[in-house]
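Each remark here refers to the structure printed beneath this line.
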Amino acid sequence: MSVLRPLDKLPGLNTATVLLVGTEDALLQQLADSVLQGDCASELRVHLARTLPLPSSVNRPRIDLIVFVINLHSRYSLQSIEESLHHVDASFFLGKVCFLVTGAGRESHCSIHRNTVVKLAQTYRSPLLYCDLEVEGFRATMAQRLLRMLQICAGHVPGASALSLVSLLRSSESPCLEDP
């Protein structure tokens with residue numbers, strides 16, 4: 001079993017790489033295009049994958065941020081992400097992973113309950129973002145947010161780290177009643 005580790009590869013000079021993992025190819029491609037259109041001083045690389053593990057390739061750059069995209073209208077989407085999580089090293093969950101949930105706007109069509117993905121994000125101590133990727137304006141806004149997260153995770157923002165980003169994102173979330 002191949003496990004994706006954050007420090008397997010050396011960082012590229014002024015390069016930031018995001019890996020988008022999800023089963024919705026068209027939505028992932030649209031999100032990738034939106035991220036690449038963003039204003040960034042770094043060289044951006046966006047890789048798409050339906051599932052993990054990734055093929056072992058010598059040419060693959062270091063991954064700075066993994067975004068797991070879950071469509072609430074597809075049980076297969078959640079199942080695929082849950083299986084992919086087994087191929088990610090635990091050190092990635094120190095600020096270099098986030099979950100992006102789409103399809104929450106039409107709750108009557110959802111086959112996955114929101115609490116399921118909330119518990120998944122809490123289990124992996126990773127940020128949970130919601131966005132309707134089918135709406136261009138929302139997708140562009142989310143691309144800008146992911147781009148900023150990517151720059152921090154790649155170490156291109158002085159005074160900010162992936163761990164500090166996670167603590168900021170977690171403190172802005174509403175407190176869970178189950179937490180002490």
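Quick note: the coordinates plus some simple rules give every number you see, no bench work behind them. The structure displayed is predicted, hence computed values, not measured ones. Cβ placement follows ideal geometry from the backbone for every residue including glycine, while neighbour counts extend to all protein chains displayed.
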Work through the residues other than Gln30 whose Cβ is under 9 Å from its Cβ and net out their charges, Lys, Arg +1 and Asp, Glu -1.
-> -2
Pairwise centroid distance, computed over Cα atoms, of segment 108-171 with segment 53-90, Å = 15
Quick one: Debye curve from the C-alpha atoms of segment 1-81, no solvent, what's log10 I(q)/I(0) at q = 0.18 Å⁻¹?
-> -0.81
Which loop-located chymotrypsin sites (Phe, Trp or Tyr not before Pro) does segment 88-153 contain, where loop means any DSSP state but H, G, I, E or B and the Cβ has at most 13 other Cβ atoms within 10 Å?
-> none
At 1.306 mPa s and 10 °C, Stokes diffusion of segment 44-107 via Kirkwood alpha-carbon radius, µm² per second | 121
Taking θ as phi - 60°, what are the ³J(HN,Hα) couplings along segment 158-163 by the Karplus curve (6.51, -1.76, 1.60), each to the nearest whole Hz, with x for Gly and Pro?
-> x, x, 10, 10, 4, 5
How big is segment 73-167 on each of its three principal axes, counting only the C-alpha atoms and giving the largest first in Å?
-> 44, 33, 19
Just from its helices, what would the mean residue ellipticity at 222 nm be for the chain, if runs of 4 or more DSSP H residues each count -39500 (n - 2.57) and the sum is divided by every residue, rounded to the nearest 500 deg cm²/dmol?
-> -11000 deg cm²/dmol
Report, by chain and number, residues whose modeled amide H sits under 5 Å from the one on Val88, excluding near sequence neighbours (fewer than 5 apart, same chain).
-> Leu4
